[in-house]
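Engineer: Below is one structure. I have some questions about it.
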Amino acid sequence: QEQLVEYGGGLVQPGGSLRLSCAGAGMIFRFYGMGWYRQAPGKQRELVAHIASDGRIDYGVSVKGRFTISRDNAKSTVYLQMNSLKPEDTAVYYCKADLGNLDYWGQGTQVTVSS
């Protein structure tokens, strides 16, 4: 059964950095597009970054130049390096695997940016 588990959330000061990891299990990881999404209280879930199975990358407008997505298919893991964090980056961050019309979501990890 497909499963995604996120790691690496926490509390960080403005201007700081965090790296999120998402490990996939029960899937042929390299076939899947992998994305990071976030949802802040009272707001809709939004795209943070996505990396396709062929390596093409897209970023949400608000994180371009600050966040970097990468994947290691040998480890079935996708990463999100977050730099220059701002209070408005505070949200629950979710990992998603997509293949055709199939979507699988992780449970989410809280990122809080505050002094």
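The values are calculated or read from the model by the stated rules, or taken from the named source; none is laboratory data. What you see is a predicted model; the values in this text were computed from it and never measured. Don't worry about glycine lacking a Cβ; one is built from the backbone with ideal geometry, like all the others, and counts go over all protein chains shown. Side chains are part of the model used for accessible areas, which takes the heavy atoms of the whole protein and leaves out ligands, DNA and RNA. Shrake-Rupley method; radii C 1.70, N 1.55, O 1.52, S 1.80 Å.
Engineer: Which condition from (1) closer than 14 Å to TYR7 by Cα; (2) in contact (Cβ under 8 Å) with a residue 60 or more places away in the chain; (3) outside any loop (DSSP other than H, G, I, E, B) is the one that GLN107 breaks?
Structural biologist: Exception for GLN107: condition (3).
Engineer: For residues that are among the charged types (D, E, K, R) and open to solvent by less than 40 Å² (accessible area, probe 1.4 Å), scanning just segment 93-115, find the one that is farthest from ILE69 (Cα to Cα).
Structural biologist: The selected residue is ASP98.
Engineer: Given the conditions (1) part of a strand (DSSP E or B); (2) open to solvent by 40 Å² or more (accessible area, probe 1.4 Å), and given that VAL78 satisfies all but one, which numbered condition is not satisfied?
Structural biologist: Against the list (1) part of a strand (DSSP E or B); (2) open to solvent by 40 Å² or more (accessible area, probe 1.4 Å), VAL78 comes up short only on (2).
Engineer: A follow-up question, please. Across segment 1-28, which residue is least open to solvent (accessible area, probe 1.4 Å) among those that are touching a residue at least 12 places away in the same chain (Cβ under 8 Å) and β-branched (Val, Ile, Thr)? If you could, list the steps in order and put the result at the bottom.
Structural biologist: So in segment 1-28, the residues touching a residue at least 12 places away in the same chain (Cβ under 8 Å) come out as 1-27.
Those left that are additionally β-branched (Val, Ile, Thr): 5, 12.
Numbers: VAL5: 41, VAL12: 19 Å².
Per the stated criteria, the residue is VAL12.
Engineer: Looking only at segment 63-75, filter to residues that are farther than 26 Å from ALA25 by Cβ and within 14 Å of the chain's Cα centre (by Cα); which one of those is surrounded by the fewest Cβ atoms within 10 Å (Cβ to Cβ)?
Structural biologist: Per the criteria, the residue is LYS64.
Engineer: Another one. Against the condition free of Cβ contacts under 8 Å to residues at least 12 places away in the same chain, of a type outside the set (Gly, Ala, Ser) and closer than 22 Å to SER114 by Cα, how does GLN44 come out, does it pass? Please lay out each step first, then the result.
Structural biologist: Values: free of Cβ contacts under 8 Å to residues at least 12 places away in the same chain: yes; of a type outside the set (Gly, Ala, Ser): yes; closer than 22 Å to SER114 by Cα: yes.
Judged against the criteria, GLN44 is a match.
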